[in-house]
Every structure is written in C-alpha cells, then in structure tokens.
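Each value in this text was obtained by applying a stated rule to the coordinates, not by laboratory testing. Remember, it's a predicted structure, so these values are computed and weren't measured experimentally. Every residue, glycine among them, receives a Cβ derived from its backbone with ideal geometry; neighbour counts consider all protein chains shown.
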Amino acid sequence: MMDIEMFREYCLSLPGTTEEVKWEDNLCFMIERKIFVMSSLTAGSLALKCNPEEFEELVARDGITQAWHLAKGQWIGLMGLEVMPATELKRRISESRALVLAKLPKKIREKYME
C-alpha cells in the first residue's frame, strides 16, 4: 500500500511535475500548470483523470466515485490511497498525467517525449 509520502514522491518523480496547494486544502500535482492529480490534505481523498472508456468500470469499484467538481466521466475520486494497490495507483497517476499532457499544444508535449 502507498502512503502519502510515497504518493507525493512518485508524483514529483514524473518529468515536469510541480506541486501547489490550491483551494485551501488540495495538494495539486501539475504538468505545465494543468492538474493531473489532486489530493485533499484534510479528507485523504484524491482525484485523477482516467480514460473515459474505463470510467464506468472504475466507479463500480468500492471506494471510487465520480470526482466532485471535475469533468463527468473523465475524473475519478478515490476515498484514500488504500483503495488501489500501489502498482495500479502509480500506473493510473502516470496515465492521468499522459491524458492531461495530450491536451496541451504539440510544442509543449514534445518537451516531455520519452
């Protein structure tokens, strides 16, 4: 299981990631100022972008819902880090970053080509 420090370290290990606290208690991880993962510092919940084709399957799982105030069918909310095994959570964080990056202009995307 991933703890909050492991979660933070993993997010910051992704190229170009910055962090900022927004809306008083949300630790946001961003690429080019666009949020790809957000964690509530008080509730312990988190939100991340997902592939819309997987949305229904994900929210059918215990502890996963539509993320509040974020694009319907595109962002999931996890009640806590323990909702997913660490390996799956890392993969989903990486996918969330890739989905956000894909919406940015080509010139910006090219900076992060691996």
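Can you work out D for the chain in µm² s⁻¹ from Stokes-Einstein, where Rh is the Kirkwood radius over C-alpha pairs, the temperature is 10 °C and the viscosity is 1.306 mPa s?
Details: Rh = 14.2 Å.
Rounded, D is 112 µm²/s.
For residue 102 and residue 51, compute 0.36 nm times the residue count separating them, minus their Cα-Cα distance, and round to one decimal in nm.
Full extension from residue 102 to residue 51 adds 17.2 nm.
Averaging the inverse of every distinct alpha carbon separation and then flipping it gives the Kirkwood radius. What is it for region 27-82, in angstrom units? Before the final figure, lay out the partial values.
Numbers: mean 1/r = 0.0877 Å⁻¹.
Result for region 27-82, one decimal place: 11.4 Å.
Where Lys and Arg each count +1 and Asp and Glu each count -1, what net charge lies around residue 71 among other residues with Cβ under 12 Å from its Cβ?
Numbers: positive: 49, 72, 103; negative: none.
Neighbour charge sum, excluding residue 71 itself: +3.
Would you compute, for the Cα atoms of region 58-114, the largest minus smallest coordinate along each principal axis and list the three values in descending order, in whole Å?
Dimensions of region 58-114 along the principal axes of its Cα atoms: 39, 26, 14 Å.
With θ taken as phi - 60° and the coefficients 6.51, -1.76 and 1.60, list the Karplus ³J(HN,Hα) couplings across region 4-12 in order, rounded to whole Hz; mark glycine and proline as x.
Using θ = phi - 60°, the values come out as 5, 5, 4, 4, 4, 4, 5, 4, 6 Hz.
Name all residues of region 79-114 having a backbone nitrogen under 19 Å from the label point set 7 Å from the Cα of residue 20 along its Cα→Cβ direction, giving them as ranges.
Under cut-off, by backbone N: 97-98, 100-105, 108-109.
Got the relative contact order for region 4-110 handy, in percent, Cα pairs under 8 Å and 6 or more residues apart? Spell out each step's value before the answer.
On the way: 157 pairs, mean separation 23.5, N = 107.
Answer for region 4-110 is 22 percent.
Tell me which residues come under 5 Å, amide H to amide H, from residue 74 once H is placed; ignore anything under 5 positions away on its chain.
Amide H to amide H, under 5 Å and 5 or more residues apart or across chains, residue 74 pairs with nothing.
Could you order the peptides 57-66, 76-85, 10-19 from most to least packed, using the average number of other C-beta atoms within 10 Å per residue? Walk me through the numbers on the way to the answer.
Numbers: 57-66: 13.0, 76-85: 17.6, 10-19: 14.7.
Per-residue Cβ counts within 10 Å, averaged per peptide and sorted highest first, yield 76-85, 10-19, 57-66.
Tell me, 96, 39 in order of fewest to most beta-carbon neighbours within 10 Å? Let's see the in-between values first.
Working: 96 26, 39 23.
In increasing order of surrounding Cβ atoms, one gets 39, 96.
For region 76-94, list residues with backbone N below 11 Å from a point placed 7 Å from the Cα of residue 43 toward its Cβ?
Output list for this probe position: 77-80.
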